[in-house]
Amino acid sequence: MDPVSNNAVIRLADLHKVYHTGEVDVHAVRGVSLEILPGEFIAIMGSSGSGKSTLMNMIGCLDPPTEGNYWLDGTDVSTLDRDELADIRNQKIGFVFQGFNLLSRTSALENVEMPMLYNHQRIPSHEQLERATRSLEIVGLAKRADHHPNQLSGGQQQRVAIARALVNQPSLLLADEPTGNLDSQTSIEIMGVFQKLNDQGITIVMVTHELDIARYTKRMVVLRDGKIVTDESVRDRLNAEKELEKLKQEQQAVKLA
Amino acid sequence: MRILASIKIALRALRRNKMRSLLTMLGIIIGVGAVIGLVSLTGGATKQVEDQVSSLGESIVTVFSGNFTSGGMRGGWGSAPTLTVEDTKAITSIQNVVAVSPEVRDREQVLANGLNWNTQVMGESPDYPQIRNWPIGSGSMFGDQDVRSLAKVAVIGQTVVDELFPGEDPVGQTIRIRNLPFKIVGVLAPKGFNLFGQDQDDIVVVPYTSHMHRITARTFVNDILVEAASDQVIDQVQNDIQDLLLARHRSKEQDFTVRNQVELMEMATKSSQEMEFLLVGVAAVSLAVGGIGIMNIMLVSVTERTREIGIRMAVGARAADILIQFLIEAVTLSLIGGTIGIILGMAFSLTVAYLKDMPAVTPFFWIAIAFASSGLVGICSGFYPAWKASKLDPIDALRYE
């Protein structure tokens, strides 16, 4: 296998993960091979215990695989040490979490600026401000830059988290149950943000257990017991803008009635 | 990661828990405050001593007459009549000697105005006020002519004025010493008590010739005060006097002793130096206690902020970035504590100094030491918690509730 020959953003070759917890070895991921090309929007699905979170952690360079190889943007990251992985996370990956994971009592702007603090090249503070503001504009929150997370709604907090993920211009956006803590309308709004970003060319990998949400992506991978069971394109893909429009009309109708 | 950004993050974290930060700093504040306070007060006491010693005259060498030995009994310095007026005149010709005064001391009953008072009567040369760095308050010092003519003139101290001439101007009036009338030509400016608690103003100064011939009929002087041109040449002057007198006296045993003010000052400030040494011990103990407090709170803080650490690691913070962040937080905490301690310690010493009417001097050296050691305490006590934080696993940290 020559990783340079194709331009896959993510290439997993027979990835395994075994956790040694006490006397029992937990084989969470048992040989996953997967290729994700630039511009894809992929949902990783599966019930709890299927190994999707473990896979996500490995894709996110938070957890090294026990066995197998992982090329991210052409780099074999399965052999890198802690600090090198930290740099990869900083430069190439943007994270969006279920629980938003924003720093409390820190303004939205400062939350978005945070990844730039850990850049290897120093970014002058005026450029940090500029980039953070631009990121917030992309998610439509520029006006709330000085708000603290507790002054923002769940959807707004998740937008701040997305802005933070985008600020270092990563090649990959990883979202772990990004709508898990949100109501259905806000969920659709967030999926709208993702669709827009994907249209601009950003590769997105999202873990979810909700089929409704997965239908906004382009490709669905289903895991069971640490192995891929289905990997297919999404048929009748949903468009977040249209869904929101529909939802509004329904609400209008309820009001009128 | 930028140090400045880290300091900003640290300050924000400390502001978030104002009360806790303050309590954490308390150990350092009290430790540093106590040390700075006490050092300032001992510094003040030392300065007082130094001022008094230098008020004796700054670059002064004193020659004491010898040890008197009689039938195997040795009387100690000053007991033997070995120094003469001729010795004094010889010393005058030594290089870098600017003023010399032979000193003859005696206690006498002094009468004036129908009052009497027992006081120290000193025979001195006209250089005496200059050597002792002691200005004449009113009138003037007697002159060389008075010395040559054995004049019955006197300059008196403020205490003698108060005792014999209450509410009067004594200049031009007469006092009687051993029934001889001495005309008062000047009054010495008040000087206060010396190091040993003696009232320096309780004094009558007359020409040494008048003292030796009219009052005591002595042929020897008690000691000789010599002023050197500066304190740099004091050793040379001291050695030259030593050589000169040894040659003049042609004695096997040295029958005099030469001391300078620096030596006297060292003796007087020795105890306060020992006190400072003791304080260093107290400071070390209290800083160690403060450091334990900081380490404790930093450990709590690391646990509380596990999730924050996880977030920072997820977005690309290296282990070293986390380490530095917490280390800077601990150092910031201890440096703020140290600074507050320094300020409170100085305020404390100034208050005590004001109430007790004594000087307080905070040596810059001690401020630097206090600041540096608070920083060091921060580094030492912050390192373990910071190291622990940096070793967290990002996934575990992110999952931490």
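The values are calculated or read from the model by the stated rules, or taken from the named source; none is laboratory data. Please read all numbers here as calculations on a predicted model, not as lab measurements. Every residue, glycine as well, gets a Cβ built from its backbone with ideal geometry; the counts of neighbours run over all protein chains shown.
Mind listing just one residue for me: the one in segment B:172-200 that is within 31 Å of the chain's Cα centre (by Cα) and part of a strand (DSSP E or B) and, of those, surrounded by the most Cβ atoms within 10 Å (Cβ to Cβ)? Working first, answer last.
From segment B:172-200, those within 31 Å of the chain's Cα centre (by Cα) are B:187-200; that's our starting set.
Those still in the list that are part of a strand (DSSP E or B) too: B:187-188, B:193, B:199.
Details: B:V187: 22, B:L188: 27, B:F193: 12, B:D199: 15.
Selected residue: B:L188.
If you go through segment B:320-334 and keep only what is more than 14 Å from chain A (Cβ to nearest Cβ) and in contact with a Phe, Trp or Tyr (Cβ under 7 Å, 6 or more places away or on another chain), you end up with just B:L327. Scanning segment A:185-210 for residues that are touching a strand residue (DSSP E or B) at 6+ places or on another chain (Cβ under 7 Å) and part of a loop (DSSP other than H, G, I, E, B) turns up A:I202, A:T208, A:H209.
Within segment B:117-139, the set of residues being surrounded by fewer than 16 Cβ atoms within 10 Å (Cβ to Cβ) and either in contact with an Asp or Glu (Cβ under 9 Å, 6 or more places away or on another chain) or under 24 Å from B:T219 (Cβ atoms) (or both) comprises B:N118, B:N133, B:S138.
Summed over segment A:55-72, the residues that are under 18 Å from A:A175 (Cβ atoms) and modelled with pLDDT of 90 or more give a count of 9. Just one of the listed residues (A:Q98, A:Q157, A:Q151, A:Q121) is more than 9 Å from chain B (Cβ to nearest Cβ), under 20 Å from B:I9 (Cα atoms) and of a type in the set (S, T, N, Q), and it is A:Q121. Here B:A360, B:A283, B:A317 are screened, and the one residue that is more than 14 Å from chain A (Cβ to nearest Cβ), buried (at least 19 other Cβ atoms within 10 Å of the Cβ), in contact with a helix residue (DSSP H, G or I) (Cβ under 8 Å, 6 or more places away or on another chain) and assigned to a loop (DSSP other than H, G, I, E, B) is B:A360.
Being in contact (Cβ under 8 Å) with a residue 12 or more places away in the chain, crowded, with 24+ Cβ neighbours inside 10 Å and of a type outside the set (D, E) narrows it down to one residue among B:S381, B:S373, B:S390; which is it? Sole residue among the options that is in contact (Cβ under 8 Å) with a residue 12 or more places away in the chain, crowded, with 24+ Cβ neighbours inside 10 Å and of a type outside the set (D, E): B:S381. Applying a threshold of 9 Å to beta carbon distances and a minimum spacing of six or more residues, or different chains, the list of pairs starting in segment A:7-28 at a residue that is farther than 14 Å from A:E67 by Cβ and ending at one that is exposed (fewer than 11 other Cβ atoms within 10 Å of the Cβ) and not acidic (D, E) reads A:R11/A:M1; A:V26/A:H20. Checked against the criterion of being among the hydroxyl-bearing types (S, T, Y) and in a loop (DSSP other than H, G, I, E, B), segment A:222-230 contains not a single residue that satisfies it.
May I ask you to verify whether A:I36 is more than 14 Å from chain B (Cβ to nearest Cβ) and either touching a Gly at 6+ places or on another chain (Cβ under 6 Å) or in contact (Cβ under 8 Å) with a residue 12 or more places away in the chain (or both)? Criteria met by A:I36.
Reported count of residues in segment B:148-158, each being surrounded by fewer than 19 Cβ atoms within 10 Å (Cβ to Cβ) and part of a helix (DSSP H, G or I), is 1.
State whether one or more residues within segment A:195-207 are among the hydroxyl-bearing types (S, T, Y) and buried (at least 23 other Cβ atoms within 10 Å of the Cβ). No: zero hits.
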